[in-house]
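Trainee: What follows is a single structure, and I will ask about it in a moment.
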Amino acid sequence: MIRVGLADDQPLLVASFATLIEATPGMTVAGTARTGHEAVALARSPGADVLLMDIRMPELDGLAATRLITGDPALAGVRVLILTTFEIDEYVFAALRCGASGFLGKSAEPAELLRAVEVVHRGDALLTPAATRSLIARYLARPEHGVAPAPERLAELTDREREVLLLVGSGLSNDGIAEHLTISPHTVKTHVNRTMQKLGAHDRAQLVIAAYEAGLIRPSGSL
């Protein structure tokens with residue numbers, strides 16, 4: 001049973017989501033929240049496996065609430081799916097940096113929303129690494145933005161882990177990385193998991209961001 005928390009300050013919308021979730025086999029509503037602070041409390045008790053999080057909420061916005069949730073080791077199992085009407089690069093990028101596992105517009109079809117909940121519940125990122133890379137490249141390539149290389153973030157990584165990070169950031173799958181490095185997919189998975197732990201990343205999408213922030217990949221997408 002997937003426990004879904006609903007964090008949005010629009011009662012009618014929350015009621016619609018709740019009806020959809022409760023009518024879906026294998027899912028149940030864990031609770032609702034109207035503010036960012038309530039969303040954080042909802043993630044802690046009674047607890048939600050997946051939290052549908054609006055960006056614009058009173059007291060504490062959804063991005064700040066997401067950062068608090070994903071930054072709490074006790075809530076490592078909680079996945080945040082950002083759900084908003086503002087489908088623009090700035091919000092998507094900010095949501096991923098805060099640790100969200102995905103981003104979905106409120107105009108999405110019900111079936112798309114349910115599939116998104118299942119995807120992030122499995123621990124996968126809703127955005128593929130390749131799509132995330134394209135997003136970040138578009139966002140950071142703008143004149144008002146730039147990448148400040150932060151190689152110190154990579155200090156704890158082994159040479160192999162750094163190499164794997166660069167390839168993940170380039171959009172390669174585990175199988176593609178295994179073929180490129182001539183190692184087994186299982187070994188790649190081990191390196192990816194260790195890299196995620198060391199960098200505090202929740203999924204591969206965040207590894208792509210880490211690769212950019214560390215200066216491994218330029219905004220143009222070139223290595």
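The values are calculated or read from the model by the stated rules, or taken from the named source; none is laboratory data. This structure is a prediction, so every number in the text was calculated from the model and none was measured. Neighbour counts are summed over all protein chains in view; Cβ atoms, including those assigned to glycine, are modelled from backbone coordinates with ideal geometry. Each accessible area value is taken on the protein alone, full model and side chains, heavy atoms only, with ligands, DNA and RNA left out. Shrake-Rupley method; radii C 1.70, N 1.55, O 1.52, S 1.80 Å.
Trainee: Within segment 167-190, track down each residue that is modelled with pLDDT of 90 or more, open to solvent by 30 Å² or more (accessible area, probe 1.4 Å) and not acidic (Asp, Glu).
Mentor: His180, Thr182, Ile183, Ser184, Pro185, His186, Thr187, Lys189, Thr190
Trainee: Tell me which residues, restricted to segment 43-70, are among the aliphatic types (A, V, I, L, M), free of Cβ contacts under 8 Å to residues at least 60 places away in the same chain and open to solvent by less than 10 Å² (accessible area, probe 1.4 Å).
Mentor: Once the filter is applied, which keeps residues that are among the aliphatic types (A, V, I, L, M), free of Cβ contacts under 8 Å to residues at least 60 places away in the same chain and open to solvent by less than 10 Å² (accessible area, probe 1.4 Å), segment 43-70 yields Ala43, Ala48, Leu51, Met53, Ile55, Ala65, Ile69.
Trainee: Does Ala15 count as in a helix (DSSP H, G or I) and without any contact (Cβ under 8 Å) to a residue 24 or more places away in the chain?
Mentor: yes
Trainee: Here is a follow-up. Which of the residues belonging to segment 17-43 are of a type in the set (S, T, N, Q) and farther than 22 Å from Arg122 by Cβ? I'd like the intermediate steps shown before the answer.
Mentor: Residues of segment 17-43 of a type in the set (S, T, N, Q): 19, 24, 28, 32, 35.
Result: Thr19, Thr32, Thr35.
Trainee: Within segment 34-62, can you find the residues that are among the β-branched types (Val, Ile, Thr) and in a loop (DSSP other than H, G, I, E, B)?
Mentor: Applying the first criterion (among the β-branched types (Val, Ile, Thr)) to segment 34-62 yields 35, 40, 50, 55.
Listed by number, the residues that qualify are Thr35, Ile55.
Trainee: Just to be sure, is Ala65 assigned to a loop (DSSP other than H, G, I, E, B) and in contact with a helix residue (DSSP H, G or I) (Cβ under 9 Å, 6 or more places away or on another chain)?
Mentor: No; evaluated as a whole, the condition is false for this residue.
Trainee: Against the conditions (1) of a type in the set (A, V, I, L, M, F, W, C); (2) under 22 Å from the mean Cα position of the chain (by Cα); (3) open to solvent by 20 Å² or more (accessible area, probe 1.4 Å), where does Leu154 fall short? Just the number, please.
Mentor: (3)
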